[in-house]
Amino acid sequence: MPIQRVLTKGRVPVKIYTDEVDPEALRQLYNLAQLPFIHSHVAAMPDVHAGIGATVGSVIPTRAAIIPAAVGVDIGCGMNAVRLSCVASELPDNLRAIRDAIEVAVPCGKAMHSKVVEDGSTLRALSERLEPIVERHPRIMQKRHTFARMWSKQLGTLGSGNHFIELCVDEDQRVWIMLHSGSRGVGNLIGSYFMALARKDMGSLVGRLPDANLAYLEEGTRYFDDYVNAVSWAQDYALANRRQMLRLVSAAIRPHLPEFTVTGEAIECHHNYVARETHFGKSVYVTRKGAIRAGTGEWGIIPGSMGAKSYIVRGKGNPQSFESCAHGAGRRMSRGDARRRFSTADLVAQTQGVECRKDSGVVDEAPGAYKDIDRVMEQQHDLVEIIHTLRQVVCVKG
């Protein structure tokens, strides 16, 4: 479907790929459109919903400035997926042992590994890049020893909230490993630090913004390059984290399946990040907050909620979306609303056929708390082509 709605009262238009937008998300989109450095327009994806300052499911092109809160604190959050050579009929009838094995291999929530599990070369490269960032901004390390231990031992860990590890089956009955995670605690520290620094650096000018959370760093000012370097590091850390989890999950499930291989390259995509790109003839910074890049022929992953379908897609390079698409189903209610609305019985009913947690601790992740993923996919037909449709059979939540 084409663009469904256009907001025209700001400095630039907001082009929205859905007719289902809550009032708070509309207010945030309008606020973004007031900023003087937005290039061309703001694009809002079909999964759009309110976030902190900037709307989740938005694509924000900026000239010579970046809004740290638009990138957010889970810098580099995204998806990885690989297809295996085994098929659904080779899965055991009872999948609980597979879920247990994954939960043992990959720490969830706030947990971390007792020792570093990442290979030495990746760890050294990350450490060498992090050192000058921390030297220039020692206050990032709010608790120096905790920080130093945390980032290295959290490589290969899941986190909590909407992060997950899944085994899925596609339309050809092939088994996939798919996972969703980000830059963990270290990314949160970096994001929070620079969000506060942007507000402080702007001083009284923050009061002129439509929302203080839209405080920005301008190219050429004192902290801009430092932020770009720190964000780049966190995005690479998040990718390394997901790659390590894929290795750990693959090893964990091997004893429970016939011998298998990974077929093809892993599909990898960030959906909370910033990148330098060229759009409508200008080199700009593109912040995708809950959106993935969908350039012509580029592979992407669009997950539904647990118990719903997910999609492997190929981008169509639509210029009006800045070559972007939705990052998932998108929440239709807050976590608090979901906990008030749904019971554990509702969660059990909505996740029937999926081996996953079905307790009060994950009620806010019930499929009913999210938008209809099929509707989201219908609304972005102009943005991506569906290549594979996946259904979850095992889901591990933090």
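The values are calculated or read from the model by the stated rules, or taken from the named source; none is laboratory data. Note that this is a predicted model, so its numbers are computed, not measured. Backbone-built Cβ (ideal geometry, glycine too); neighbour counts: all protein chains shown. Only protein heavy atoms, including side chains, enter the accessible area calculation; ligands, DNA and RNA are left aside. Shrake-Rupley method; radii C 1.70, N 1.55, O 1.52, S 1.80 Å.
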* For the stretch 277-297, indicate whether the set of residues that are touching a Phe, Trp or Tyr at 6+ places or on another chain (Cβ under 8 Å) and either farther than 16 Å from Val56 by Cα or open to solvent by 30 Å² or more (accessible area, probe 1.4 Å) (or both) is non-empty. => yes
* Selected residue (criterion: farthest from the chain's Cα centre (by Cα)) from residues of the stretch 222-249 that are surrounded by fewer than 17 Cβ atoms within 10 Å (Cβ to Cβ) and either outside any helix (DSSP H, G or I) or polar (S, T, N, Q) (or both) -> Arg222
* Determine if the stretch 97-106 includes at least one residue that is open to solvent by less than 20 Å² (accessible area, probe 1.4 Å) and out of contact with any helix residue (DSSP H, G or I) (no Cβ under 8 Å at 6 or more places or on another chain). => yes
* To do: Tell me, please, whether a residue that is crowded, with 24+ Cβ neighbours inside 10 Å, in contact (Cβ under 8 Å) with a residue 24 or more places away in the chain and touching a His at 6+ places or on another chain (Cβ under 9 Å) can be found in the stretch 40-47.
  => yes
* Filter result (open to solvent by less than 10 Å² (accessible area, probe 1.4 Å) and part of a strand (DSSP E or B)) within the stretch 165-175 -> Ile165, Glu166, Leu167, Cys168, Val169, Val175
* **Failed item, numbered, when Ala196 is tested on (1) without any contact (Cβ under 8 Å) to a residue 40 or more places away in the chain; (2) out of contact with any Asp or Glu (no Cβ under 9 Å at 6 or more places or on another chain); (3) surrounded by 16 or more Cβ atoms within 10 Å (Cβ to Cβ); (4) small (Gly, Ala, Ser)** => (3)
* Residues being in contact with a strand residue (DSSP E or B) (Cβ under 7 Å, 6 or more places away or on another chain) and either on the phi > 0 side of the Ramachandran plot or charged (D, E, K, R) (or both): count how many of those fall in the stretch 87-130. => 3
* Quick check, is Arg276 over 21 Å from Val82 (Cβ atoms) and at pLDDT below 95? -> no
* Can you name every residue in the stretch 152-163 that is open to solvent by 10 Å² or more (accessible area, probe 1.4 Å) and over 18 Å from Leu126 (Cβ atoms)? -> Ser160, Gly161, Asn162, His163
